[in-house]
Amino acid sequence: MNGYKYLDKKGTFQMENPELTSYLYFPIANEAGVMSSVTPSLGGDSKMGQNAFLLSPVSSEDLHNNKASRNFWCNISGKGLWSATGKSAGQQADLFTDAKEETILEAGIMWHKLLRKSRKFGITSEITSLVPYSGELLEIMVVTLKNTGAADLEIIPTAAIPLYGRSADNIRDHRHVTSLLHRIVTTKTGVVLNPTLTFDERGHQKNTCVYGVFGVEENGGEPEGFYPTVEEFIGEGGSFENPKALTDTNIQSQKAGFSIDGYEAIGGIQFKKILLAPKEEKTYIICMGYDKGQEELENAVSMYSSKETCVTALEETKKYWQDKINVSYSSGCKDFDTWMYWVNFQPMLRRIYGCSFLPHHDYGKGGRGWRDLWQDCLALLIMNPDGVRNMLIDNFAGVRMDGTNATIIGSKQGEFIADRNNITRVWMDHGVWPFLTTNLYIMQSGDIDILLKENTYFKDPQAVRGEEKDTLWDTAYGKQLKTESGEIYQGSILEHMLVQHLTAFYDVGEHNHIRLRGADWNDALDLADKRGESVAFTAIYGGNLENMAKLILLLEGKGIKELGFAKELEILLSDDNNLYNDVQKKQELLNRYCHEGIHNISGDKIFISCRELAENLLNKAEWIKDHIRETEWITGERGHSWYNGYYDNNGRRVEGDNDNGVRMMLTSQVFTIMSETATMKQVEDIVKAADEYLYNESIGGYKLNTNFKEVKMDLGRMFGFAYGQKENGAVFSHMAVMYANALYQRGFVQEGYKVIHSLYSHCSNFEKSKIYPGIPEYIGENGRGLYHYLTGAASWLLLTVLTEMYGVKGELGELLFEPKLLLSQFDSNSKAGVDCVFADRKLTIEYYNKNQKEYGEYKITSIAIDGKPYESVREMVLRDDIIRLDAKKTHKIDIVLE
Ligand code: G1P
């Protein structure tokens, strides 16, 4: 097996024999909703949502088991059947022999090209797949056949793409019955499938989506005939890899205008017989797509009826996505820079596909979760900050007055759906993310006034942090919290964040840490809702409270004397260490607060000075820190020390020495470090312990936990997973990256770099990770990258590399430079640079490490903008000076380090 090599700095890569690696898939999609996945033999699927799959849905195991694919057959006179995608019984049989065909994959952002060369048949195919950025609901396949033998070839080409045309639910549920809904017609250029009804979880409804596969010759020439049903195409005893119709003269293709009802459909498109002389080539264009009606679909398809239009579409699609990825690096490690290009692109994929719709992600039905919502904003803040302010404000409408939040998120911005489930789940970490994102926004933009913007609160029957129901609520009440007088209540964004943090502060278990409830960041810590506690997230709630206090003092600095909040918050603003130390009193207080607002709130306001509020929050933050430091710092038998981060459902401490071996979790370390709960000395100790117990270079670095060797039913389903997989001890990219982020933040630069470098080195070593460029959700115990592309880790890595490693960050709107680059990261000219956008201006920032000094020894000695020396106030450029730069041009900022 060979790895891939990059062909340019924009992520284009090439590799041989991609089909000799299993589980590979590649995303091509557009923002209009077409989401495809393509494998090296043109398998995979295409859909616009859970209920609209054009090609039948595939999970990772189907990638090698499925015979259905986007096949393109050549019936070559005197030689037999050859598949341009390699999906024929004969070619499959040759795969591990010397007769294996040569294959080369070339791919870049949102396009995929496969070259296949057959010595036996004397033919070569090149298949380019793309989904046009311009918004047509199509996936396009441009197939070029070339005679690479010595003799003329007489060929009948036939595209054969099975049309599934229904909900993913029906893959096992009523698969046959739903085929009876099918109404299939052939047009001049393709096969159209228009099901009468849809049968899925929404009930039986009239269908509103038409599917089709169409094909023309390179100059628009129409096909000769069609095979519209699977039964006819494969023939009795045949299959998609050995279709009888193409060799049995008794099975005739149909002409345009044919219709048939109630069968599994296939876009079988037979082209005219051609004669290809040696070196001659011929191109075919296949469009697969969706629309609300046949006419609309055919109109879209007609835009791509020549080779030229497809070439243009490909070029425009490439450019569109490349323009969107406006952060890129240039350092001493070119491969890292290009790999990061893919990482920077991944948050865009996650916005399109959500956490579903790629083959590993076979659980989701399309909705996005609360965490993703805020994580997506992180990447947007860096790459496309326009509109993020409103997005943040709108998202706060999902917060309930009890500090929890709506978990069903609508498709429109700021739309949240009432949860009528009787089993309510509360993730105790949810309150943490909005503040982290909002704080970053304020730092990048300087827009501290956002704290005072107002929005509503979410209201549904769920109350008292998932423990009770508001029996008075019904749909007529609506989804927004009201005051006693019936008005919809609005509170500031700051108030929303206070509600989230203060309720959590009191929501403690018997060890006086915040209760784990349904789970925290680790979704699979889901069996400790009675007595479980997450010290890890208690720490970051504390860190947030401290940073919130700092923002409030800034408001004071802007002349704001006092802040108004819902009167009910007065309860939460109690400030008394005796109370803080008393678990029962805290619970009672929280209960009282939650019941005050269980149905509606008074509408009265309280006012508090910024200073008093800040002090109040600082006291709480300090209390959390002290409490964790005093109670959770543990030392194992072998002398290593780290933080315990959890209590289980039996109230037992989770980490430390155990008869089954040492128990340590990475999450507990990440958030104690990030929140500055861990002292500098403690960070040093944690790093040593993590290196000892969690680090394994050969699988990409830091694992999520040690092996507990127990199916720990009193903590979470994660312990049912095999050790080394997913949330049970894999190298889980998101947490590993947050570990790096926390270490960089605390100035542990070598250590932070080690985390990222280990992860990057592993992922980009194809022989080990077996994935295309980018960061996967996790790396399994055998080194394979899994759940590629759709992971929150990408947003965090983008952020960490830009703002920590390169130290290009906002400080209340000014542009601060705080590089934490190691000497080894500079190129041979001692330079390292980043292209990015700040305050709407395109910037190329380049550090020059004049005397080749190591991190810690260099400091910034001069800054120049477009060649002119800049009189810097500390190591920053003021926002006003950036805004003065021409928005249409890219500006160079040169920074000398000495
Ligand atoms: C996934 C989920 C994320 C969750 C994590 C751990 O991570 O999307 O919300 O916190 O698992 O359970 P991701 O795939 O985003 O890396």
Fill in: Where a residue in the range 854-874 is touching a residue at least 40 places away in the same chain (Cβ under 8 Å) and outside any loop (DSSP other than H, G, I, E, B) and its partner, wherever it lies, is surrounded by 12 or more Cβ atoms within 10 Å (Cβ to Cβ) and among the hydroxyl-bearing types (S, T, Y), with Cβ under 7 Å and at least six apart
I863/Y870; I863/S872
Worksheet entry | Qualifying positions in the range 777-830 - part of a helix (DSSP H, G or I), surrounded by 20 or more Cβ atoms within 10 Å (Cβ to Cβ) and either away from the ligand (no atom under 16 Å from the Cβ) or modelled with pLDDT under 95 (or both) | V801, L802, T803, E804, M805, Q825
Worksheet item: Is there a residue in the range 373-386 that is in a helix (DSSP H, G or I), within 21 Å of the chain's Cα centre (by Cα), within 16 Å of the ligand (Cβ to nearest atom) and among the charged types (D, E, K, R)?
Response: yes
Worksheet item: Among the residues of the range 726-744, is there at least one that is assigned to a helix (DSSP H, G or I) and surrounded by fewer than 21 Cβ atoms within 10 Å (Cβ to Cβ)?
Response: no
Discussion item. With the structure loaded, tell me whether A300 is part of a helix (DSSP H, G or I), within 28 Å of V837 (Cα to Cα) and either more than 26 Å from the chain's Cα centre (by Cα) or among the small types (G, A, S) (or both) or whether it fails that test.
Written reply: no
Item to complete: May I ask you to list the residues in the range 521-555 that are in a helix (DSSP H, G or I), charged (D, E, K, R) and in contact with a strand residue (DSSP E or B) (Cβ under 8 Å, 6 or more places away or on another chain)?
Response: none
Worksheet item: Can you tell me which residue in the range 496-528 is surrounded by the most Cβ atoms within 10 Å (Cβ to Cβ), limited to those that are out of contact with any Leu (no Cβ under 7 Å at 6 or more places or on another chain) and among the acidic types (D, E)?
Response: D520
Worksheet, complete the sentence: Taking the range 436-460 and keeping only residues that are free of Cβ contacts under 8 Å to residues at least 60 places away in the same chain, buried (at least 19 other Cβ atoms within 10 Å of the Cβ) and either within 25 Å of D880 (Cβ to Cβ) or among the β-branched types (V, I, T) (or both), one is left with T438, T456
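V737: in contact (Cβ under 8 Å) with a residue 60 or more places away in the chain and within 14 Å of the ligand (Cβ to nearest atom), yes or no? So that I can check it myself, show each step before the final result.
On the way: in contact (Cβ under 8 Å) with a residue 60 or more places away in the chain: yes; within 14 Å of the ligand (Cβ to nearest atom): yes.
Judged against the criteria, V737 is a match.
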Practice prompt. May I ask you to verify whether I552 is away from the ligand (no atom under 16 Å from the Cβ), closer than 30 Å to Q725 by Cα and buried (at least 21 other Cβ atoms within 10 Å of the Cβ)?
Written response: no
Fill in: Near pairs, Cβ below 8 angstrom, 6+ apart or cross-chain, from the range 146-163 (buried (at least 24 other Cβ atoms within 10 Å of the Cβ)) to any residue that is of a type in the set (D, E)
P162/E264
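Residues checked against (1) surrounded by fewer than 21 Cβ atoms within 10 Å (Cβ to Cβ); (2) over 19 Å from M348 (Cα atoms):
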| residue | (1), (2) |
| --- | --- |
| Y4 | yes, yes |
| K9 | yes, no |
| V38 | no, no |
| G44 | no, yes |
| N51 | no, yes |
| L55 | no, yes |
| L63 | no, yes |
Worksheet item: Which fully enclosed strands (runs of 3 or more DSSP E) of the range 146-193 have 1 or more residues being in contact with a Ser or Thr (Cβ under 6 Å, 6 or more places away or on another chain), more than 19 Å from G257 (Cα to Cα) and modelled with pLDDT of 95 or more?
Response: 153-163
Fill in: Selection count, the range 706-727, where residues are within 13 Å of the ligand (Cβ to nearest atom) and either among the hydroxyl-bearing types (S, T, Y) or within 22 Å of K530 (Cβ to Cβ) (or both)
4
Worksheet item: Quick one: would you say Q322 is of a type outside the set (V, I, T), buried (at least 21 other Cβ atoms within 10 Å of the Cβ) and touching a residue at least 40 places away in the same chain (Cβ under 8 Å)?
Response: no
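The values are calculated or read from the model by the stated rules, or taken from the named source; none is laboratory data. Computed from a prediction, not measured in an experiment: that's the story for all the values here. With ideal geometry, Cβ positions are generated from the backbone for all residues, glycine too; neighbour counts draw on all protein chains shown.
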